[in-house]
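Reviewing the structure listed below.
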Amino acid sequence: MLSILSTSNFAPFNIASEEYILKGFPEDVFLLYINAPSIIVGKHQNTLAEINRDWVEQHKIPVVRRLTGGGSVFHDPGNLNFSFLMRESGETDRSFARYTKPVLEVLHDLGIPAKLEGRNDLTIEGRKFSGNAKTFIHGKTLQHGTILFASQIGDLSAALNVKESKFTDKAVKSVRARVTNVSEHLKQPLDLQQFITLVRSKVHSLYPEIKEYSYSETDMAAINSLVQDKYATWQWNYGRSPRYNLSHELRCKAGGIELYLQVNKGIIEEISIFGDFFSAREIAELEQALTGLEHQREKVAAMLEKMDYRSFFGEVELAELLEAMF
């Protein structure tokens, strides 16, 4: 078994490294990483319905889709992420309890009454500090989880504080829970680096054959290539969202504009526009131009400008239309 402590804080790199390890490493791996502020969405989620897009864009927060299901989570430098990437036989215990055990033991050693509740949450006094997810892929089990150690809870709430829903879909929805930081429950002062040392020591004691490993230049190049081709792309992080419908009514100087979009695999399959605005052109022209386009803010904005959107609606701002369509 190998023990890896990532030196990168770039979320697309660390999420990509999990896939690289699953595909390329014959050994079992225990991986720890800390990401700069970022949002990690579940494999089966509609990204746009999970994030506060205005806040995300304002703060230039990366949004990354992971390989596992479950809900969306916010990462920041106060949040430690752990992964077990394991070869397992059919008889192996694949429960969440197996791989959250080291974390719970560390907290119990610190006098904190943490426990596994429900299927995959770790809690302290009923408040969640760790969400966990897993998948079986490339012949291995990936189970990973977050540990809120000293995260900015206000940022977490702001990043995932989705405004009134415009979306109708069958995507997996995140379940918001009362959260807490581990640091709030410590009996004695302890910083995150000291906590990392405790977690690594605990895992190393449970797997005596474990060896520390650092990514080679070949590893780094391969992971960065996977970042560029997949984990930093709109197609993976947004375009892979399940089919969804978006509906919204915009009130502006031009009047009322109702927008109905049907999106599949990130592509606008159908769009209908209604309202009491006064149009100098047939609205069907604009609907046709937008159909087949990626539901990507920049591309939709470019098409609206190309089609001279005010000739369809009258006095409306581009930003207003985009807000209604995303």
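Alpha carbon centre of region 253-286 versus region 145-207: separation in Å?
Between the Cα centres of region 253-286 and region 145-207 lies a distance of 40 Å.
Pulled fully out, how much extra length does the chain show between residue 228 and residue 282, if you take 0.36 nm times their separation in residues and subtract their Cα-Cα distance?
Contour length minus Cα-Cα distance gives 15.4 nm.
How high is the FRET efficiency between residue 298 and residue 207 when r is their beta carbon distance and R₀ equals 41 Å, given to the nearest 0.05?
It comes to 0.30.
Using a Förster radius of 35 Å, what is the FRET efficiency between residue 187 and residue 36 based on their Cβ-Cβ separation? Nearest 0.05, please.
Given R0 = 35 Å and the Cβ-Cβ separation, E is 0.75.
Just check region 60-192 against the gyration tensor rule for me: Cα atoms, a ≥ b ≥ c as the square roots of the eigenvalues, rounded for a/c under 1.5, and otherwise prolate or oblate depending on whether a/b exceeds b/c.
Because a/c hits 1.5 or more and a/b fails to exceed b/c, region 60-192 counts as oblate.
From the Cα gyration tensor of region 161-282, with a ≥ b ≥ c the square roots of its eigenvalues, which class applies: rounded if a/c is under 1.5, or else prolate if a/b is larger than b/c, or else oblate?
Prolate, since a/c reaches 1.5 and a/b exceeds b/c.
Using only alpha carbon pairs under 8 Å that are at least six residues apart, calculate the relative contact order of region 222-263 and give it in whole percent.
Relative contact order comes out at 29 percent.
For 146, 291, which order do you get if you count the other beta carbons within 10 Å of each Cβ and list the fewest first?
By the 10 Å Cβ count, ascending, the order reads 291, 146.
Can you name the helices of the chain, as whole DSSP H runs, whose Cα span along the helix axis is 27 Å or more and whose Kyte-Doolittle mean is not below 1.0?
none
Evaluate the relative contact order of region 117-205 (contact order divided by residue number), counting alpha-carbon pairs under 8 angstrom at least 6 apart; express in whole percent.
Averaging sequence separation for qualifying contacts and normalising by length gives 26 percent for region 117-205.
Which lysines, on any chain, are close to residue 23 with Cα under 29 Å apart, when same-chain ones fewer than 8 places away are left out?
Candidates past the 8-residue exclusion: 43, 101, 134, 140, 173, 202, 211, 230, 265.
Going by a ≥ b ≥ c, the root eigenvalues of the Cα gyration tensor, does region 143-223 fall in the rounded group (a/c under 1.5), the prolate group (a/b larger than b/c) or the oblate group?
oblate
If Lys and Arg each add +1 and Asp and Glu each add -1, what is the summed charge of the other residues whose beta carbon sits under 15 Å from the beta carbon of residue 289?
Around residue 289, the charge tally is -4.
Cut-off is 10 Å between beta-carbons; in what order do 27, 315 appear when sorted fewest neighbours first?
In order of increasing Cβ crowding within 10 Å: 315, 27.
Given 0.36 nm per residue, what is the gain on full extension from residue 136 to residue 7 after removing their alpha carbon distance, in nm?
Contour length minus Cα-Cα distance gives 43.8 nm.
Within region 176-191, name every residue whose backbone N is under 12 Å away from a label modeled 7 Å from Cα of residue 110 along the Cβ vector.
Zone members listed by number: 181-191.
What FRET efficiency do you get for residue 54 and residue 251 if R0 is 22 Å and r is their Cβ-Cβ distance, rounded to the nearest 0.05?
Efficiency, rounded to the nearest 0.05: 0.75.
No value in this document is a laboratory result; all are computed from the given coordinates. Please read all numbers here as calculations on a predicted model, not as lab measurements. Heads up, the Cβs are rebuilt from the backbone with ideal geometry, glycines too, and the neighbour counts pull from every protein chain shown.
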